[in-house]
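Novice: Below: one structure in structure tokens.
Derivation of every value follows stated rules applied to the coordinates shown; laboratory data play no part. Keep in mind the model is a prediction, meaning the values are calculated, not measured. As a convention, Cβ positions derive from the backbone with ideal geometry for all residues, glycine included, and neighbour counts pool all protein chains shown.
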Amino acid sequence: MDSPSIEWSEHINEVPKEVFVREDVYQVELERIFYGPQWHPIAHESEVPNKGDYKTANLAGVPLLIARGQDDVVRVFYNSCSHRGNQVETAPMGNKKEFECPYHRWLFSTEGKLIGCSNEREFSPGFDRKDYPLAQPRTASFHGLIFITMSPETEELDEFLGDLKKTLRELMAGDGRLKLLGYQKVRYDTNWKGYTDNDGYHAPLLHQAFKMLNWQGGKGRQFVTTKRGHVGFESELSVASGNGALQDPSLIEFKGQDPSVGSRVISIFPTFVATKHLDVINLRFATPISHNVTEVHYAYFAHADDDEEMLKHRLRQSSNLLGPCGLISMEDASIFHRIHIGNHAPGAAIFQKGVKSLSVVGSEFLQNDEAANIPRWEYYRDIMDFERSAA
Ligand code: FES
């Protein structure tokens, strides 16, 4: 599919607003980004801890089924029957001994093998069940975080993640041995790029509650680790004395092992974000539903070795701090929607905070900069073949 015609400024800190709202742009993004050579995190193995556990997911309209087989191996399947393509499972999660497609009752094992089909003797000559397993996308895993790609050309995951691996591992409690606490699921009325264009600049300005966590005064950095524009963020986070709002400050108590890095955030192109603020471990599996709507599943985790007290603390902190109604992030949903409305006006979105050059893209940024978003835009522009105007 050819790239749509878009006028793009010669300045690296300007992004034409029309890329957020044009349906023809979205169609090319599907082909080149979501179905193209990118890795997409879609689940953590701890979401399906027992044999037969499964969850369903959706990546840009493609239905997926993640299941732990009776052999204890976690696999990802297309959630599409190998007969006529019917969606096999509809529940968000559950436990099954096998998966039965309701249309003609073909039966699949939790390892994806076809183990039964009705009227088989009347099938085409040479029919063999072993030729009809549930199809699988290419997968890879990093400390239990499962990635898929729909392109055979995607580089190995290790190379794709680059130097982001250390931050990602530390964010997942240091070893990825997690225990699922629960989910919040939300649809934002915004383009997927509006959702991921979140920045460090806005945090203490939009979210008043971040002041309780000394965000502005903390020491922190943002860094870009690969040409793909993934962004890592590490920061001190501490509880301000006299937070002025909470009667019970234990809600924002930090019991973690490493208070010098109270906050870690990673953003993996195109839509995955993971955060660890205080003791909240949060993986955000996001997908575009259309060019106007983005769905995010906030999955919250504890560490597998947490005792009862720590589990309770994480559960309480997770359900109160983050997500669409979280103490420190509730304003995001409104801004995601309003920025999408605003992006229907002509002109460009302009980045300023931390921009040191109008032509050279940096790789290290301050905690409160928005310039860390620019490398991702450069990568996006490159994939989409959007040429800059001549200076
Ligand atoms: Fe699944 Fe026919 S489509 S059994």
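Novice: Any chance you could run the full-extension gain for K130 through Y35? It's 0.36 nm times the residue separation minus the Cα-Cα distance, nm to one decimal.
Specialist: This chain segment gains 31.5 nm when fully extended.
Novice: Let me ask another. What does the charge dipole of segment 61-216 about its Cα centre add up to, to the nearest 20 debye, if the Cβ of each Lys and Arg holds +1 and the Cβ of each Asp and Glu holds -1?
Specialist: Using only the charged Cβ atoms, the result is roughly 580 debye.
Novice: Could you compute the net charge surrounding F386? Neighbours are other residues with a C-beta less than 14 Å from the C-beta of F386; K and R count +1, D and E count -1.
Specialist: Net charge in that neighbourhood comes out at -4.
Novice: Also: For the residues C117, C325, what sequence is obtained by ranking on other C-beta atoms within 10 Å, fewest first?
Specialist: So the residues, fewest neighbours to most, are C325, C117.
Novice: Please list 365-371, 379-385 highest first by mean number of surrounding beta-carbon atoms within 10 Å per residue.
Specialist: Highest-to-lowest ranking by the protection proxy: 365-371, 379-385.
Novice: Return the inverse of the average 1/r over all pairs of distinct C-alpha atoms in segment 284-348, which is the Kirkwood hydrodynamic radius, in Å to one decimal.
Specialist: 14.2 Å
Novice: Which order results if K312, K276 are arranged by neighbouring Cβ count within 10 Å, fewest first?
Specialist: Result, fewest neighbours first: K312, K276.
Novice: Another question, if that's okay. Based on the alpha-carbon set only, what is the convex hull volume of segment 306-391 divided per residue, in Å³?
Specialist: Here the figure is 165 Å³ per residue.
Novice: What is the mean projected area of the alpha carbon convex hull for segment 80-222, to one decimal in square nanometres?
Specialist: Hull-based average projected area comes out at 13.6 nm².
Novice: May I pose another question? Using a simple spin-label model with points 7 Å from Cα along the Cα→Cβ vector, what separation in nm is obtained for Y183 and K166?
Specialist: Calculated label separation equals 3.4 nm.
Novice: Separate question: Just going by the charge dipole of the chain, with Lys and Arg at +1 and Asp and Glu at -1 on Cβ, which of I115, F351, G194 is farthest out on the positive end?
Specialist: I115
Novice: Same structure again: Calculated FRET efficiency, E331 and I289, Cβ-Cβ r, R0 22 Å, to nearest 0.05?
Specialist: Efficiency for this residue pair is about 0.50.
Novice: So, with +1 on the Cβ of K and R and -1 on the Cβ of D and E, and no other charges, what is the size of the charge dipole of the chain about its Cα centre, to the nearest 20 debye?
Specialist: Value, rounded to 20: 600 debye.
Novice: Related question: For helix 308-321, what angle does its Cα long axis make with the longest principal axis of the chain, in degrees from 0 to 90 and rounded to 10?
Specialist: Once rounded, one gets 70 degrees.
Novice: Between segment 1-40 and segment 372-391, how far is it from one alpha carbon centroid to the other, in angstrom?
Specialist: After rounding, the separation between the Cα centres reads 9 Å.
Novice: May I have the pair-distance distribution P(r) for segment 27-68, computed from all Cα-Cα distances with 5 Å bins from 0 and rounded to whole percent?
Specialist: Final binned percentages: 6, 21, 25, 18, 14, 10, 5, 1.
Novice: Among A91, S80, P16, which residue has its Cα positioned farthest towards the positive end of the charge dipole of the chain, with +1 placed on the Cβ of Lys and Arg, -1 on the Cβ of Asp and Glu, and the dipole taken about the Cα centre?
Specialist: Farthest towards the positive pole: A91.
Novice: Given the Cα atoms of segment 165-230, and with Rh set as the inverse mean 1/r over their pairs in the Kirkwood sense, what is Rg to Rh to two decimals?
Specialist: 1.00
Novice: Just rank W8, W106, W192, fewest to most, by other beta-carbon atoms within 10 angstrom.
Specialist: W8, W106, W192
Novice: For the chain, take the longest principal axis of its alpha carbons; what is the angle in degrees between that and the long axis of helix 331-342, to the nearest 10 within 0 to 90?
Specialist: 90 degrees
Novice: Something else about it: What percent of all Cα-Cα pairs in segment 315-363 falls in each 5 Å bin, counting up from 0?
Specialist: 5, 16, 14, 12, 13, 19, 12, 6, 2, 0
Novice: Still on this model: Computed from the mean reciprocal separation of all distinct C-alpha pairs, what Kirkwood hydrodynamic radius does the chain have, in Å?
Specialist: After inverting the mean inverse Cα-Cα distance, the result is 22.3 Å.
Novice: While we're looking at this one, here's another question. If each of L205 and E364 carries a label point 7 Å out from its Cα toward its Cβ, how far apart are those two points in nm?
Specialist: 2.5 nm
Novice: With +1 on each Lys and Arg Cβ and -1 on each Asp and Glu Cβ, how big is the dipole of segment 17-117 about its Cα centre, in debye rounded to the nearest 20?
Specialist: Dipole about the Cα centre, nearest 20: 240 debye.
Novice: Any idea what the alpha-carbon Rg over 2.2 N^0.38 Å comes to for segment 22-98?
Specialist: 1.25
Novice: Continuing with the same structure: Which residue fluctuates the most in the chain, going by a Gaussian network model with Cα springs under 10 Å, if the choices are Q247, Q222, Q70?
Specialist: Among Q247, Q222, Q70, the largest mean-square fluctuation in the Gaussian network model of the chain belongs to Q247.
Novice: Give the span of segment 99-141's Cα atoms along each principal axis, as three whole-Å numbers ordered largest to smallest.
Specialist: Principal-axis extents of segment 99-141 (Cα, largest first): 41, 23, 14 Å.
Novice: Semi-axes of the equivalent ellipsoid of segment 259-299: what are they in whole Å, largest first, if each equals the square root of 5 times a C-alpha gyration tensor eigenvalue?
Specialist: 25, 10, 6
Novice: How compact and how long is segment 1-146, expressed as Rg and Dmax of its alpha-carbon atoms in Å?
Specialist: Cα radius of gyration and Dmax of segment 1-146 are 19.5, 66 Å respectively.
Novice: For the pair I115 and A304, how long in nm is the line joining their label points, each one 7 Å along Cα→Cβ?
Specialist: Each label point lies 7 Å from its Cα, and together they span 2.5 nm.
Novice: Percent of Cα-Cα pairs more than 17 Å apart in segment 1-58, please.
Specialist: When every Cα pair of segment 1-58 is considered, 60 percent fall beyond 17 Å.
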